[in-house]
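To start, the structure under review is shown below, and the notes come after it.
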Amino acid sequence: MLINQDAFSLKKKGEIKKEKERAILVGVRLPSMSAEEAEESIEELAFLADTAGATVIDRVIQTRKSLNPAYYIGKGKVFELKEMALQKNANLLIFDDDLRSRQVRNLEEDSQIRVIDRTELILDIFAFRARTREAKIQVELAQMEYTLPRLKRMWTHFSKIEGGIGMRGPGETQLEEDKRLIKKRISNLKKALEDIEKSRYTRRKGRAGFFNVSLIGYTNAGKSTILNKLTGSDVLCENRLFATLDTTIRRLYLKDDVTVLLSDTVGFIKKLPSHLVASFKSTLEELKEADLLLHVIDTGHKNFEAHMLSVSDTLKELAIEHKPLLYVFNKTDTIVEQGLIENLKARYEDSVFISALSGDGLQGFKDRIFQYYLQKFLTIS
């Protein structure tokens, strides 16, 4: 886990007090990646680190032809990071990709600094954000799936104690025991999620007569703010990644006494860990039951089109890319580029432009949802 429990205390829900861990962010730019893409990725990693409670001290991007199988970065760069950490009093290296167990072990041994990768960082945020029993089970399952193949690295201290090569003697016995316990825990967590899914299925059947609308989008695009504005709810809204993990469903009243169900789900992100996608499968199943997907976009973000592509890729992974979809270009009050809205209107016919914060465009947005509602029920009749 990223956050050391001794390094902070919780004042109240979602608020971190006391000293933060001091992190250096590390990324690699390969030939297939532009300089802008590399910068965008490390910038997002910084936002993730801040959300997890770390203070970002510096960022390092190394340009390489290929990844170093032993260290991910060049060995010389490892010693540069060690010196940088000493000079800037950093105690954590966060890498902008998944690392192999051997890479983490080599990096920690040579740098003498704790190392985590992007997946471990995201898992930490999810663990901190999880509120319901289902979300906590889903996060723990993802953590267990992530930990299992990395157990040997966690037990490397035994090889030093025993003086053997690899994991001989008592260390090996403990390693196998831990593997067995984790596998058993994974099995129990999956069974618990199956039981929750049965209850969810019963609830879905109860919503069968309603028109179901789901908010989707890149994390921090403003989905929860839209839910609150449209339905008068008070779902948590923060300028933090993954503020929402649990699916929230509210009634949305349209004109002519029509009521639809509006749901808000976990946000997507680039390089979303496969463990999380698998663990949150039951939550994401809600999207398959939707009659309409509302793809919310932070139009003021400089990389919003890359974010749109990431969401589209996730929809394909979930096999729901052909569902009716309305593009909701949010945060129009933050747009600085001249002519952007006109350009997007020409490219995306099924779209609305709103500012959930100011309320601009919300009535027209509700009218578009109503049109989709009529299309479905007129088709049925």
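Values quoted throughout were computed directly from the atomic coordinates according to the rules given, and no laboratory measurement underlies them. Since the structure is predicted, the reported quantities are computational estimates derived from the model, not experimental observations. Heads up, the Cβs are rebuilt from the backbone with ideal geometry, glycines too, and the neighbour counts pull from every protein chain shown.
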Give me the Å³ per residue figure for the convex hull around the C-alpha atoms of segment 56-148.
104 Å³
With +1 at each Lys and Arg Cβ and -1 at each Asp and Glu Cβ, the charge dipole magnitude of segment 207-380 around its Cα centre, to the nearest 20 debye, comes out at 160 debye
From fewest to most C-beta neighbours within 10 Å, the residues 272, 25, 294, 254 line up as 254, 272, 25, 294
Assigned charges on the beta-carbon of Lys, Arg, Asp, Glu; segment 41-159 dipole about Cα centre (debye):
320 debye
Using the count of nearby Cβ atoms within 10 Å as a rough guide to exposure, how do 328, 277, 104 rank from fewest to most?
277, 104, 328
Between residue 255 and residue 87, what is 0.36 nm times their sequence separation minus the Cα-Cα distance? Round to one decimal in nm.
54.2 nm
What's the extension gain from residue 63 to residue 194 if we count 0.36 nm per residue and subtract their Cα-Cα distance?
42.7 nm
Of 75/183; 136/302; 184/271; 323/376, pairs whose Cα-Cα distance is over 24 Å:
75/183; 136/302; 184/271
Taking the dipole of segment 207-380 about the Cα centre (Lys, Arg +1; Asp, Glu -1; charges at Cβ), the one of 230, 346, 263 that reaches farthest to the positive side is 263
If you rank 134, 349, 37, 176 by fewest surrounding Cβ atoms within 10 Å, what's the result?
349, 176, 37, 134
Apply the Karplus curve 6.51 cos²θ - 1.76 cosθ + 1.60, θ = phi - 60°, to the phi angles in segment 48-55 and return the couplings in whole Hz, x for Gly and Pro.
4, 4, 5, 4, 6, x, 9, 9
Which aspartates and glutamates does residue 88 reach when only Cα atoms under 14 Å apart count, and residues fewer than 8 places away in its own chain are ignored?
21, 58, 80
Overall form of segment 5-129 per C-alpha gyration tensor (a/c, 1.5; a/b vs b/c)
prolate
Cα gyration tensor category, rounded, prolate or oblate, for segment 207-380 with a/c compared to 1.5
rounded
